[in-house]
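A quick write-up on the structure given underneath.
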Amino acid sequence: MKKKISFGGILTVLVVVILQVTGILPFDHELTSQETHTTVTSNQQLSLENVDLNNPPRFKKIAVNNIRNVDGDTFAFYFHQKEYKLRLLMVDTPESVKPGMKVQPFGKEASDFSKEMLKKGNVSLVFDKGSIKDSYGRYLAYVYIGDEMLQTALLKAGLGIVRYVNAGGDSYVAKLMTAQELAQKNKRGVWQKENYVVKKKNGYYQYNEN
């Protein structure tokens, strides 16, 4: 029996196509929603042996078995006896080891937090679609402990702020901002110290070093 195609069904399809073509509604893609992204990275963990670090895959988990933290947002991982420096994407924690600068409030707490998170194991990196390195030659990535993003964990604890957001490498800025707002609302960590975190003209924050 031949199925009839209703006028309403055709109209719905046409509307969706028009919205996609005009850019109002995104096409299905792993970057269009956090739910899709989580499914992809959870089911596909790549080995460093099969990854070109000069052009790593984006939005895929890359397992790192040998990694240490330098402070709250800076790390070093090792592969084939070579050290690679790494910086958390879009999250800035207070300084704790920067030469010529005294330890900032909550700097040690942030460093200890990241260290304890790494001890849980099952650590992987996820690269965004933007630049893979910063101006210092450090890799820029999301760090996952299992299925938990370290960036969001630090922000929820009030041990970091959303900062250094650049177009092209900001796919999850909304998720990070939500985590930051939770800590800010509950005055956790850096948000409990008056005038320690100040808002910039671009809408993001920085630490008051005075």
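Rule-based calculations on the coordinates, nothing more; no lab input. Since the structure is predicted, the reported quantities are computational estimates derived from the model, not experimental observations. Reconstructed Cβ throughout: ideal geometry from the backbone, glycine too, with neighbour counts over all protein chains shown.
Numbers below:
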read-out: Cross-link reach list, lysines versus K115, counting only Cα pairs under 19 Å and skipping chain neighbours closer than eight places; value: K85, K98, K156
read-out: Amide proton proximity set for L140, modelled H, under 5 Å, gap of 5+; value: R87, K133, D134
read-out: Whole-Hz couplings from phi, Karplus 6.51/-1.76/1.60, listed for segment 83-96; x for Gly and Pro; value: 9, 10, 8, 9, 10, 4, 6, 6, 10, 10, 9, x, 5, 9
read-out: Cα-based Rg and Dmax for segment 98-145, where Dmax is the largest Cα-Cα distance (Å); value: 13.6, 35
read-out: Per-residue ³J(HN,Hα) for segment 186-196, Karplus 6.51 cos²θ - 1.76 cosθ + 1.60, θ = phi - 60°, Hz, x for Gly and Pro; value: 9, 6, 9, x, 4, 7, 8, 9, 4, 6, 7
read-out: Reduced Cα scattering model of segment 24-207, Debye log10 I(q)/I(0), q = 0.08, 0.19 Å⁻¹; value: -0.24, -1.40
read-out: Proximal charge balance of R68 [Cβ under 15 Å; K/R count +1, D/E count -1]; value: +2
read-out: HN-Hα J in Hz across segment 116-126 - Karplus 6.51, -1.76, 1.60, θ = phi - 60°, x for Gly and Pro; value: 5, 5, 5, 4, 5, x, 6, 8, 9, 10, 10
read-out: Under 14 Å, Cβ to Cβ, from K187 - net charge with Lys/Arg +1 and Asp/Glu -1; value: +2
read-out: Segment 24-207, relative contact order [Cα under 8 Å, separation at least 6], %; value: 18 percent
read-out: Interchain or long-range residues, amide H under 5 Å from V91's placed H; value: R163
read-out: Cβ-based net charge around L89, under 10 Å, with every Lys or Arg adding one and every Asp or Glu removing one; value: -3
read-out: Spacing of the two label points (7 Å from each Cα toward its C-beta) at E148 and L46, in nm; value: 2.6 nm
read-out: Long-range HN-HN contacts of G160 with modeled amide H, under 5 Å; value: V190
